[in-house]
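First up is the structure itself, then whatever we jot down about it.
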Amino acid sequence: MSVMDPMDPQDNGSIDESTLTRLLTEVGPELLGYIEGKMPPAFRAFSGPEDVFQDTCIQAYRSRETFRMIDPDSFRQWIWRVAHNVLIDLLRHGFAAKRQAGKIHVTADSQVALLSNVYGVKPTAIETPSRVAARREAVVKVQVGLSSLPDDQRQAITLHVIQGLTLAESAQSMGRTVDSIRGLLQRGQVRMRELLGDPALYFSKIEPMSEASGPAGGA
């Protein structure tokens, strides 16, 4: 069903997680374009549109129980309002707030690292999201997938895969054991593969990693 279908949400107007994921993916390219148009150039050195889109998705998952479908445009109006509030928060608090919250700037390289880890494929075998035909759709799927993860899984992937910390460093940062971090990574990777779907969207060729450097490798 399309995002405009009023019969899609639950009878009481609430929205479940799988429906939210689908709707975010459908409106994501347009929403990302809106965010890109609203981002002041001065802020892009430390926070890109993809960062704001991911924060918007995270807020949507956390507050989805407050959403009610009143008419076919309700979801679009709600998620645009969430994005607007995220942008306002960024403008008010700027770089200091981003650093305090432990955020990092999402770049093409960090998305390549994430895709490489999720699919267990060497980074050189991946087309970056900026090179694929449906770049914006690819970025949206990556960000929606990451945002939909439980907080601990997303944090483990952010620390180990995107920031490049070792398993031991990630464990110390999160106050967990190395085995716990490895489990979070594995569960997060399974979920991301389910959400991202066909790897052909991201890969120019498939060149598997060695076992030692696989998805949850690297002590």
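The values are calculated or read from the model by the stated rules, or taken from the named source; none is laboratory data. Being a predicted model, the structure only gives us computed values, none of them experimental. With ideal geometry, Cβ positions are generated from the backbone for all residues, glycine too; neighbour counts draw on all protein chains shown.
Tabulated data for the structure shown
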{"quantity": "Subset of segment 82-115 that is surrounded by 14 or more Cβ atoms within 10 Å (Cβ to Cβ) and modelled with pLDDT of 85 or more - its residue that is nearest to VAL139 (Cα to Cα)", "calculated": "ALA83"}
{"quantity": "Unmet requirement for ILE79, which otherwise passes all of (1) assigned to a loop (DSSP other than H, G, I, E, B); (2) within 20 Å of GLU137 (Cα to Cα)", "calculated": "(1)"}
{"quantity": "Subset of segment 48-74 (residues that are of a type in the set (Ser, Thr, Tyr), surrounded by fewer than 22 Cβ atoms within 10 Å (Cβ to Cβ) and under 24 Å from PRO150 (Cβ atoms))", "calculated": "TYR61, SER63, THR66"}
{"quantity": "From the options ARG182, ARG187, ARG154, residue that is closer than 23 Å to ARG22 by Cα, assigned to a helix (DSSP H, G or I), over 14 Å from the mean Cα position of the chain (by Cα) and at pLDDT 90 or above", "calculated": "ARG187"}
{"quantity": "Out of ARG182, ARG176, ARG191, ARG187, sole residue that is closer than 15 Å to SER116 by Cα, among the basic types (Lys, Arg) and in the same structural domain as LYS122 (by TED's automatic domain parsing)", "calculated": "ARG191"}
{"quantity": "Where TYR119 falls short, out of the listed (1) at positive phi; (2) modelled with pLDDT under 90", "calculated": "(1)"}
